[in-house]
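The values are calculated or read from the model by the stated rules, or taken from the named source; none is laboratory data. Quick caveat, the model's predicted, so the values are computed rather than measured. Cβ atoms come from the backbone with ideal geometry, glycine included; neighbour counts cover every protein chain shown.
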Amino acid sequence: MLKTRIDYYNDIIKHINFDKTRDNYCVKFYKYDNEKKLFRIGNSIVVEYKIGTPASRGAIHLGKFRDENKKLYKFAIKISSVSSKSEIENKMIDIATKAVLNQSSPHFLMSYGYGLCVVKSSIKSSFVKSNTNDSNDKKEKPIYFLNKRRRRKYYVYLNELANGDLKEFDLNVKTTKKITDNKVAQIYLSLMFFYKETGCYHCDMHNGNLLYKTVKKGIY
Ligand SMILES: Nc1ncnc2c1ncn2[C@@H]1O[C@H](COP(=O)(O)OP(=O)(O)OP(=O)(O)O)[C@@H](O)[C@H]1O
Ligand SMILES: [Mg+2]
């Protein structure tokens, strides 16, 4: 499982390589897909519908990319306004990714990279226009979350996709004592790994910030 995750990471970063000196990783309107608006970052990354529990500072979307052999890669795209916390968040993401790649702590999700978007004042981006969609179906209005003040400078993060968060797990998965015991053990393990790798305490631990990935029985 860990090897599969690392292979997937290596395949993705062979194709997508964020350049930290650039600031043009902006979300743009791509096309209509059965009346549903799709967005893109650059020419190859497609931003689809929102996933997960509503985010506090940004929004999480399903992201897709196809390589030259049409192999499909999926990931989570987090779009988050730049704030005083961004630098710390980026550092934590780098530490977590390294910890998975060197196989010292598998309890993190990896980052496939992140990049900055600075909206130039003369360009009226589709990102802003998309706010006018009045459908009630959240899957149909992907990029409407950042308030006006925050839309001008934001980060896009490409992260390993989880199956859901703990809130969704508790709602959707029928639990047994064995599963509950395992869940509690995994939460403690992830907190322990977080402290071990970063030397920091996690001060925002709640069921929306604990993500899970299903694995095949008996292997990790
Ligand atoms: N990699 C992922 N795979 C699947 N779902 C995700 C992923 N990342 C986030 N989510 C979903 O999106 C929700 C919000 O994400 P996240 O917690 O990263 O944003 P936030 O709450 O704005 O940020 P923060 O918790 O750092 O303040 C999560 O609760 C989860 O439901
Ligand atoms: Mg959160």
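Quick notes on this structure:
- Residue match in region 175-195 (condition: under 30 Å from Ser83 (Cα atoms) and among the acidic types (Asp, Glu)): no
- Selection status of Leu38, of a type in the set (A, V, I, L, M, F, W, C) and within 26 Å of Ile6 (Cα to Cα): no
- Subset of region 1-41 [part of a helix (DSSP H, G or I) and touching a residue at least 60 places away in the same chain (Cβ under 8 Å)]: Leu2, Arg5, Ile6, Tyr8, Tyr9, Asp11, Ile12, Ile13
- Qualifying positions in region 69-85 - at pLDDT below 95 and either away from ligand 2 (no atom under 16 Å from the Cβ) or in a helix (DSSP H, G or I) (or both): Val82, Ser84
- The single condition among (1) modelled with pLDDT of 95 or more; (2) out of contact with any Leu (no Cβ under 6 Å at 6 or more places or on another chain); (3) in a loop (DSSP other than H, G, I, E, B) that Ala162 does not satisfy is (2).
- Within region 173-205, the residues that satisfy the criterion of being within 15 Å of ligand 1 (Cβ to nearest atom) and exposed (fewer than 11 other Cβ atoms within 10 Å of the Cβ) are Tyr201, Cys203, Asp204.
- Tally, over region 1-13, of residues that are basic (Lys, Arg) and at pLDDT below 95: 1
- When region 88-146 is filtered for residues that are surrounded by 14 or more Cβ atoms within 10 Å (Cβ to Cβ), modelled with pLDDT of 95 or more and in a helix (DSSP H, G or I), the ones remaining, listed by number, are Asn90, Met92, Ile93, Ile95, Ala96, Thr97, Lys98, Ala99, Val100, Leu101.
- For region 41-68, residues that are within 15 Å of ligand 2 (Cβ to nearest atom) and surrounded by fewer than 17 Cβ atoms within 10 Å (Cβ to Cβ) total 5.
- Of Lys78, Lys31, Lys71, Lys85, all but one fail to be out of contact with any helix residue (DSSP H, G or I) (no Cβ under 6 Å at 6 or more places or on another chain), closer than 21 Å to Lys153 by Cβ and surrounded by fewer than 13 Cβ atoms within 10 Å (Cβ to Cβ); the exception is Lys85.
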